[in-house]
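Here the structure comes first, spelled out in structure tokens, and everything after it is commentary.
The values are calculated or read from the model by the stated rules, or taken from the named source; none is laboratory data. Quick caveat, the model's predicted, so the values are computed rather than measured. Glycine also receives a Cβ, built like all others from the backbone with ideal geometry; neighbour counts cover every protein chain displayed.
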Ligand code: GLU
């Protein structure tokens, strides 16, 4: 029986991990890349837009310099990414060219999502490339990404890109065949998941690295940043934007073609029934919080009921330097995050009005998103 996706797939985002891209010796896996690129080109010929999010820059940079150990120093990783990214793109250009398909390089940082106008600008650029039938090949702009503006892993980047281009499907290809249900010594791949439960999160944090061979494990240390937890976090971002996701093995034959045909390959995570509005999705996942406000018990209870704004009298204190219209985290007195929202007040304004708080709204309910817990 074939899978039925919730809607016709017009745009798909495919994310490939470093282990799919590079050998244990940190050189491009040409045969794999060839197959990946020819599948993507075939999908494009079916008039489906494809965005490829590809890792592999750092690993290929290491291979180029014959380094055996991944450095933990930020500047070394950034330099390696700069070296490896050109190797990666040269390979993609050559292989897409052989398939008479054009591709383009897109390097992003979190700032490109966090800033609303850059976010919209990026969306238009993607739209134009897709309209022209070009395959955008996306990676994090590691060379300039400092901790402040880093995504951290390409799984998350791919989920944000999927929501940016309003994709109909996100496919995460890695060295595991799907998301495993492990009971004692038994393991089997979940075929379809409607909702990620706490138990599943537990399985993911145990990581599936024991499911791959010992040689691969050593190499994996140099390659992956993500792991299964990062994948689930990314999937939560995408499914909340109503985008179904699939985790599948990058080495499975014709994996992409089969997935798009509806074959039951890997694990399918269904979209959330309730789509959160684009702006609320951006508040939760796209924007980087610029500060915190701590609220009292009364305000916390009111917010948790839903549909309520955060009023100034409930605010106990604040941290960080935020401006009006920045996204901030709302936390309770135990520092538990309750919500995120766009503030109507900057820290300077808060200081100035400290004594006369009134019933003014610090965050309007339309600009406030409760955390799911
Ligand atoms: N951007 C990194 C690279 O291309 C990889 C990040 C990841 O795999 O999550 O090397």
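Please work out which residue is surrounded by the fewest Cβ atoms within 10 Å (Cβ to Cβ), limiting yourself to the stretch 1-41 and to residues that are within 16 Å of the ligand (Cβ to nearest atom) and in a strand (DSSP E or B).
Residue satisfying both the conditions and the ranking: 28.
Among all residue pairs at least 6 apart or on different chains, which show Cβ distances below 6 Å where the first residue, located in the stretch 77-100, is more than 15 Å from residue 40 (Cα to Cα) and the second is within 14 Å of the ligand (Cβ to nearest atom) and outside any helix (DSSP H, G or I)?
Going by the 6 Å Cβ cut-off, the qualifying pairs are 78/142; 78/143; 81/142; 81/143; 82/143; 88/56; 89/105.
Kindly indicate which of 310, 256 is touching a helix residue (DSSP H, G or I) at 6+ places or on another chain (Cβ under 8 Å), modelled with pLDDT of 90 or more, surrounded by 14 or more Cβ atoms within 10 Å (Cβ to Cβ) and within 30 Å of residue 38 (Cα to Cα).
Only one candidate passes the filter, namely 256.
Need the failing condition index for residue 182 against (1) free of Cβ contacts under 8 Å to residues at least 60 places away in the same chain; (2) within 16 Å of the ligand (Cβ to nearest atom); (3) touching a helix residue (DSSP H, G or I) at 6+ places or on another chain (Cβ under 8 Å), just the number.
All conditions pass for residue 182, except number (2).
State whether the residues of the stretch 82-101 include one that is modelled with pLDDT under 95 and either in contact with a strand residue (DSSP E or B) (Cβ under 7 Å, 6 or more places away or on another chain) or under 30 Å from residue 244 (Cα atoms) (or both).
No: the stretch 82-101 contains no residue that is modelled with pLDDT under 95 and either in contact with a strand residue (DSSP E or B) (Cβ under 7 Å, 6 or more places away or on another chain) or under 30 Å from residue 244 (Cα atoms) (or both).
Restricting attention to the stretch 131-149, report how many residues are surrounded by fewer than 19 Cβ atoms within 10 Å (Cβ to Cβ) and under 21 Å from residue 237 (Cβ atoms).
3
Here are the criteria: (1) over 21 Å from the mean Cα position of the chain (by Cα); (2) at pLDDT 95 or above. Tell me which single one residue 40 does not satisfy.
Result: residue 40 passes all but (1).
Does the stretch 106-125 include one or more residues that are away from the ligand (no atom under 13 Å from the Cβ), under 28 Å from residue 236 (Cα atoms) and outside any helix (DSSP H, G or I)?
yes
Residues in the stretch 151-193 that are touching a strand residue (DSSP E or B) at 6+ places or on another chain (Cβ under 8 Å) and not in a strand (DSSP E or B): how many?
The number of residues fulfilling the criteria is 19.
Look at residue 220 and say whether it is modelled with pLDDT under 90 and either surrounded by fewer than 23 Cβ atoms within 10 Å (Cβ to Cβ) or closer than 30 Å to residue 286 by Cβ (or both).
yes
The rows are residues; the columns are (1) part of a strand (DSSP E or B); (2) exposed (fewer than 13 other Cβ atoms within 10 Å of the Cβ).
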| position | (1), (2) |
| --- | --- |
| 279 | no, no |
| 289 | no, no |
| 299 | no, no |
| 318 | yes, no |
| 322 | no, no |
| 330 | yes, no |
| 341 | yes, no |
| 349 | no, no |
| 359 | no, yes |
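Of all the residues that make up the stretch 126-146, how many are more than 12 Å from the ligand (Cβ to nearest atom), touching a residue at least 12 places away in the same chain (Cβ under 8 Å) and outside any loop (DSSP other than H, G, I, E, B)?
Matching residues across the stretch 126-146 total 6.
Do you know which of the residues in the stretch 42-63 that are out of contact with any strand residue (DSSP E or B) (no Cβ under 8 Å at 6 or more places or on another chain) and more than 9 Å from the ligand (Cβ to nearest atom) is nearest to residue 11 (Cα to Cα)?
47
Condition test on residue 75, is it in a helix (DSSP H, G or I) and in contact with a strand residue (DSSP E or B) (Cβ under 8 Å, 6 or more places away or on another chain)?
Against the criterion (in a helix (DSSP H, G or I) and in contact with a strand residue (DSSP E or B) (Cβ under 8 Å, 6 or more places away or on another chain)), residue 75 does not qualify.
Please determine whether any residue of the stretch 161-169 is surrounded by 21 or more Cβ atoms within 10 Å (Cβ to Cβ), within 16 Å of the ligand (Cβ to nearest atom) and within 15 Å of residue 285 (Cα to Cα).
Yes - at least one qualifying residue is present in the stretch 161-169.
Looking at the stretch 56-65, can you tell me whether even one residue there is crowded, with 24+ Cβ neighbours inside 10 Å, touching a helix residue (DSSP H, G or I) at 6+ places or on another chain (Cβ under 7 Å) and not in a helix (DSSP H, G or I)?
Within the stretch 56-65, one or more residues are crowded, with 24+ Cβ neighbours inside 10 Å, touching a helix residue (DSSP H, G or I) at 6+ places or on another chain (Cβ under 7 Å) and not in a helix (DSSP H, G or I).
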